Amino acid sequence: MSNKITAVIILLVIGLIIWVLSRYDLNLVFNEILMLEQSALFLALGFTALNYLVLTFYDALAFKYIKEDLSFGRIGLTAFLSYSFSHNVGAALVSGGAVRYRMYSRWGISGANIARIVVFTGFHYWVGLFVLGAVVGIIFPSDFAEIYPIGKTTVISLAALCLLPVAYYFYLTLQPGKKLSIKNFHMDVPPLKLAALALIVACLDWLCAATVLYFLLPGYHDLSFLEGVIAYLGAQMAAVSSHVPGGIGVFESVLFLFLQSHYRAEALLGSLLLFRFCYYFLPFFLAAVLYIIYELKLHKVLFRRIRDKIEL
């Protein structure tokens, strides 16, 4: 049933994308893209690179969690490939998990430990969203209400609710040997220091990604950075929850709906298309090239070993 619902959502999103694009002159949209300041584009690309570097520390900390050693180069390569694929394909636990299994298993990491890496990274990704969104909501409820049509009292209440499970999780980190269990989900709770470092990485991850979007917005200085972060967090929460591959269409629709009062439609649409290219498609293309090169080198080595055995 869930697969049917996902398929229906995807079809609705595709229909929505076609409908939105049909309403606007694409020539005007691309003209708006060309009018973006080069400095803003370079800053966006720089923060994209920084964000993907930050993502590698999820996996680096996960190796501390499973108490295994692997060179940072191999961890970094695997993390970049897995996040580039999962960001675009969706179903991060499956797509990113498949890439990690393919890579890490070749370097002697067991399937059980790879599964623990996937759970550790995915779990703290959400913890970071909950904490960052909650902190912003509690400290700056007026800015939150400026972007989304929610009263300040509601914002503060929802933010406080988001912090409750996080507070319980960090309470468990003070008790060695504890397990976190939610329905079919089970996780050995890491020590406080490791959990705190993972939370810092997660918050940096979300902030870097929001910064990429912020610099690509038309006349980004007309919108405060805080409002840009709030808009990004809300849109990504909707996108990830939709289970649509890469959140494509859902992410853009939410931002378009709530930011259209700040910008001209063609300019905003151009910025969202450029963000999709810079943050999703470009890393995905680079990751695909790197993975092909890696596989070719690996098979070349295997072919050489087979040839040497035959000659002997």
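The table below lists the values:
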{"item": "Exceeding the 27 Å Cα-Cα cut-off - candidates 64/178; 152/179; 67/178; 152/178", "result": "152/179; 152/178"}
{"item": "124, 262, 186, 87 arranged by Cβ crowding within 10 Å, fewest neighbours leading", "result": "186, 262, 87, 124"}
{"item": "Neighbour-count order for 157, 82, 95, fewest beta carbons within 10 angstrom listed first", "result": "157, 95, 82"}
{"item": "Sequence-distant aspartates and glutamates (8 or more away, or on other chains) whose Cα lies within less than 19 Å of residue 193", "result": "59, 68, 69, 205"}
{"item": "Amide proton proximity set for residue 178, modelled H, under 5 Å, gap of 5+", "result": "189"}
{"item": "Neighbour-count ranking [beta-carbon atoms within 10 angstrom, fewest first] of 188, 143, 59, 205", "result": "188, 143, 205, 59"}
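Bear in mind these aren't lab numbers, they're just calculated from the coordinates by the rules spelled out. Predicted, not measured: the structure shown is a model, and the values here were computed from it. Quick reminder, even Gly has a Cβ in these numbers, built from the backbone with ideal geometry, and neighbours come from all protein chains shown.
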